[in-house]
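Beneath this line is the structure, given in structure tokens, with notes to follow.
The values are calculated or read from the model by the stated rules, or taken from the named source; none is laboratory data. What you are looking at is a predicted structure, and each value in this text was computed from that prediction instead of being measured. Neighbour counts are summed over all protein chains in view; Cβ atoms, including those assigned to glycine, are modelled from backbone coordinates with ideal geometry. Please note that ligands, DNA and RNA were not included when accessible areas were found on the heavy atoms of the full protein model with its side chains. Shrake-Rupley method; radii C 1.70, N 1.55, O 1.52, S 1.80 Å.
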Amino acid sequence: MKSLAIWTEGLVKFYSDVKAVDELSLSVPRGVAYGFLGRNGAGKTSTIRMLLGLTKLTAGNGAVLGYKVGREQVAILERTAFVGENKILYGNLTARELTRFTRGFYPSWSDDACAKYSRLFEIPMDRSFSKLSQGNRTKTCLLLALSQRADLVILDEPTVGLDPVAVDALLRILVEDVIGAGRTVFISSHNLSDVEQIADWIGVIDQGKLLLEAKLDDVKSTFRLVTASGNGLPQTRFADVLSVTSVGKFSRYLVKHDADIFVAKLSREGAIIAEVSPVGLREIFLELVQKEDTCTSGNAGGKPALNSLLGS
Amino acid sequence: MYFWKCWRETRAQFIAGLVVFVAVCSFFTIPVAKFGSPEMMKTGVSPSVAQAWSSAIRMVLGGWGGTLILICGLVLGSAGLGKEFDKQTVGFLFTRPRRRRYWVWVGWSAGVFELAIIALVGVGLTSGLLTFLTGHFYTWRVLAAFLGLTVGGAVSYSLTYFMAVVTRSGLQGLGYAMGILFVAILVPGMTAHFWRIYLPSLWDFMDTTCEWAAAVVSSFPFSVLILWSIVALAFPLAAQALVERADV
């Protein structure tokens, strides 16, 4: 548990009768970038809020950097930098005043890092927060978090409102200054291409349940998308098959590993194998949360959807 | 740091309160000290030094000052921790490495400090003018007026601070606190007037501590001062209990 940056076991969160997080067990190693992915309302933000003590656990256990969630919250917060999904700070304070306010809480705060990142992000330091653009607000929140030099950086939708240059700068900082220094990044984002650029590990959550937790490299090297046609093909998840999508006679399988064995098995059952392809983060995500990849605009590089493959 | 942030965010209200308080004290102290109470003005009798002090302190600080300090308390209380929920900055605040009780008490003490400064300046100015006009200074009268104003203001401030936390809104907290304060002043007045039942009244307390200056022989109402101080402290304590259990 101490060797992990974040550890949870059977984490549950109810809001009235709505189960936001359902028996979630996470293991985030130290010194990595961990992409925490899920659809809107999947339970990502609730999980983060529980880890940071903003909301209480309904059930389960958790630890951040070896400190128990809910019991050693101040120790967790001293070592954790956080940028929430709502980038709201004090409207009448300037970015400079906000850094002055935040600096005092963190012994590890670096003025040099603060000066460097404020230059890099081109933040107007003497303008009131309320008068900043959405992008500059996000940058200010990131500045406050990154200057803490915390052991763990938790970012919830950190690229919202940022232009591509700022996104690139952020990703470089995360890789070079945070992960490069042996610290951990836990990033929750809908922007899968950003996550894919830096993540070593991914966790996919849907309806509060963890669907997948794995090293991204392992996923890319061993996961395969198998498209087959035939009658009576298996339609349920089993063993190494993480998801099944079917249209007519065609079925698409996300296979965890040993795709060759699975393909041979399908062939023996009379299936015609249309395609066996490696998968990117986007395909894995879409397959796991059971959404058709419709290859819409802005979906450059996405694999064609099954319907597209069938020409329908 | 949070104390500084609270000061930074409420300094406009604080300065406005201070300016009005100073203006009121400056404007009313001199005529009251020279001509005494309205009764004295009718009879045309010049007040003695002690009467001039009593009238001025009671009318200026107990009357105008008391009303103003209650209003200052209401305004500053609405800008306390409850406003952080309202403005959605509480998520940022509660992810700084401090226990939640720290935010409650530091935020609360920043407001009380501002109220105490307003009361101190008002009482200091009034007593300074009285000393200048009469050549006398009554330490205990000044201290009594200061304590009365500060504790009275702290009660209205703490009530608003608490209600803003309960409603998670500065404005709603202000509304509820105004209603409660109105009832809390009105009800003891009515019970005393119609049924001779004397309930603890914040207004009477502030009036009494200032009135004490008039009745030099009577003992200072320490028990009432302690009672209202406890009331003022009970609200942030209740706010702490709420905030520590709050889901943000």
Please state which of the following conditions residue A:11 fails to meet, knowing it meets all the rest: (1) open to solvent by 40 Å² or more (accessible area, probe 1.4 Å); (2) touching a Gly at 6+ places or on another chain (Cβ under 6 Å); (3) not in a loop (DSSP other than H, G, I, E, B). (1)
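Within region B:131-141, which residues are open to solvent by less than 50 Å² (accessible area, probe 1.4 Å), under 21 Å from residue B:21 (Cα atoms) and modelled with pLDDT of 80 or more?
Our first condition is that a residue be open to solvent by less than 50 Å² (accessible area, probe 1.4 Å); within region B:131-141, this holds for B:131, B:134, B:141.
Filter once more, keeping what is under 21 Å from residue B:21 (Cα atoms): B:131, B:141.
Selection gives B:131 alone.
When you scan region A:71-101, how many residues do you find that are within 26 Å of the chain's Cα centre (by Cα), more than 7 Å from chain B (Cβ to nearest Cβ) and of a type in the set (S, T, N, Q)? First the steps, then the outcome.
The first filter runs over region A:71-101 and keeps only residues within 26 Å of the chain's Cα centre (by Cα), leaving A:71-89.
Narrowing the set further to residues that are more than 7 Å from chain B (Cβ to nearest Cβ) leaves A:71-73, A:75-76, A:79-81, A:83, A:85, A:87.
Right, trim to of a type in the set (S, T, N, Q) and you get A:73, A:80.
Matching residues across region A:71-101 total 2.
For residues in region B:142-168 being among the polar types (S, T, N, Q) and open to solvent by less than 10 Å² (accessible area, probe 1.4 Å), which is nearest to residue B:205 (Cα to Cα)?
B:156
So for region A:147-160 (the condition being open to solvent by less than 10 Å² (accessible area, probe 1.4 Å) and over 22 Å from residue A:35 (Cβ atoms)), does at least one residue qualify? Step through it out loud before you land on a result.
Here is the first cut: in region A:147-160, the ones open to solvent by less than 10 Å² (accessible area, probe 1.4 Å) are A:147-148, A:150, A:152-156, A:158.
Right, trim to over 22 Å from residue A:35 (Cβ atoms) and you get A:147.
Scanning region A:147-160 turns up at least one residue that is open to solvent by less than 10 Å² (accessible area, probe 1.4 Å) and over 22 Å from residue A:35 (Cβ atoms).
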Which count do you get for residues in region A:241-283 that are part of a loop (DSSP other than H, G, I, E, B) and open to solvent by 50 Å² or more (accessible area, probe 1.4 Å)? 7
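Quick check on residue A:173: is it in a helix (DSSP H, G or I), in the same structural domain as residue A:42 (by TED's automatic domain parsing) and either open to solvent by less than 50 Å² (accessible area, probe 1.4 Å) or modelled with pLDDT of 95 or more (or both)? Outline the logic, then answer.
Details: in a helix (DSSP H, G or I): yes; in the same structural domain as residue A:42 (by TED's automatic domain parsing): yes; either open to solvent by less than 50 Å² (accessible area, probe 1.4 Å) or modelled with pLDDT of 95 or more (or both): yes.
So residue A:173 passes the test.
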Qualifying residue in region A:30-40 (condition: outside any loop (DSSP other than H, G, I, E, B) and within 11 Å of chain B (Cβ to nearest Cβ)): no
Restrict the check to region A:49-58 and report whether at least one residue is closer than 24 Å to residue A:201 by Cα and away from every other protein chain (no Cβ under 12 Å). no
Of a type in the set (A, V, I, L, M, F, W, C), assigned to a loop (DSSP other than H, G, I, E, B) and either away from chain B (no Cβ under 11 Å) or touching a residue at least 40 places away in the same chain (Cβ under 8 Å) (or both), is that true of residue A:142? no
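From A:137, A:119, which residue is within 13 Å of another protein chain (Cβ to nearest Cβ) and in a helix (DSSP H, G or I)?
Numbers: A:119 fails: within 13 Å of another protein chain (Cβ to nearest Cβ).
Of A:137, A:119, the one residue that is within 13 Å of another protein chain (Cβ to nearest Cβ) and in a helix (DSSP H, G or I) is A:137.
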